[in-house]
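The values are calculated or read from the model by the stated rules, or taken from the named source; none is laboratory data. Quick caveat: nothing in here was measured; it's all calculated off a predicted structure. Cβ sites come from the backbone with ideal geometry, for glycine too, and all protein chains shown count toward neighbours. Surface areas here come from the heavy atoms of the whole protein model, side chains and all, with no ligands, DNA or RNA. Shrake-Rupley method; radii C 1.70, N 1.55, O 1.52, S 1.80 Å.
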Amino acid sequence: MRRQHIGWAAGAAAAVLVAAGAITYAVAEDGGSGARTPGAESADAGFARDMAVHHQQAVEMSYIVRDRTRNVEVRRLAYDIAQTQANQRGMLLGWLDLWELPKVSAEPPMTWMGMGDMASGKDGALMPGMATNTELKKLRSLSGKQAEVFYLQLMTAHHKGGIHMAEGCVAKCTVGVEKRLAQGMVDAQQSEIQLMADMLKERGAQPRS
């Protein structure tokens with residue numbers, strides 16, 4: 001079952017890569033057909049900015065653990081997450097370019113969700129679910145099973161925070177393809193959370209509360 005699950009994740013990652021150009025093109029077409037371009041303070045722009053930052057940390061953590069363990073399953077999962085989220089990040093930033101909107105905002109992260117006070121940004125954790133700088137440093141110091149467990153715990157929390165944000169876009173964003181991408185993130189990351197729970201259990205560990 002686990003191998004099938006990981007295989008599904010790899011397939012999903014490949015599908016996202018193939019669809020990236022089509023989705024970006026669709027956004028451009030929407031913009032060229034008279035549809036209203038999202039404003040700088042819109043949920044569409046806010047989600048694109050914030051999720052791009054959120055995804056970048058997931059990519060970073062995945063590359064760290066790739067070099068800290070030889071376990072095939074963990075390395076495959078990390079590769080799938082890194083490739084999928086790096087591609088999605090490029091799409092999100094590309095949409096901001098298409099909309100001619102800034103990639104940074106003076107407002108706190110998640111302001112577009114009405115939750116600008118949710119994360120203090122202390123020690124680098126800019127949004128809920130994000131790892132702190134201290135945790136990233138610890139991940140770099142571990143190896144083998146310890147690195148695997150800590151990565152799976154950090155990524156589980158990271159996915160939970162990402163799902164919350166993606167659900168916010170599903171509810172608040174107005175660009176159809178962006179809403180669909182956000183729903184795809186919810187579905188894929190919920191599936192990966194279950195997979196990571198199983199992988200943690202095999203290692204005598206569990207997600208952090």
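Points to keep in mind about this one:
- Residue check for Val177: modelled with pLDDT of 95 or more, β-branched (Val, Ile, Thr), farther than 19 Å from Lys145 by Cα and open to solvent by 30 Å² or more (accessible area, probe 1.4 Å): no
- Entry remark, the stretch 180-205: residues being open to solvent by less than 30 Å² (accessible area, probe 1.4 Å) and under 14 Å from Leu92 (Cα atoms) number 3 in total.
- Screening Arg68 on (1) in a loop (DSSP other than H, G, I, E, B); (2) free of Cβ contacts under 8 Å to residues at least 40 places away in the same chain shows it passes everything except condition (2).
- Where Gln146 falls short, out of the listed (1) open to solvent by 70 Å² or more (accessible area, probe 1.4 Å); (2) within 17 Å of Ala48 (Cβ to Cβ): (2)
- Members of the stretch 65-82 found to be open to solvent by 20 Å² or more (accessible area, probe 1.4 Å) and farther than 13 Å from Lys145 by Cα, listed by number: Arg76, Tyr79
- Subset of the stretch 122-140 [open to solvent by less than 80 Å² (accessible area, probe 1.4 Å) and over 20 Å from Gly204 (Cα atoms)]: Asp123, Gly124, Ala125, Leu126, Met127, Pro128, Gly129, Met130, Ala131, Thr132, Glu135, Leu136
- Checking the stated criteria, Ala119 turns out to be at pLDDT below 90 and either open to solvent by less than 70 Å² (accessible area, probe 1.4 Å) or not in a helix (DSSP H, G or I) (or both).
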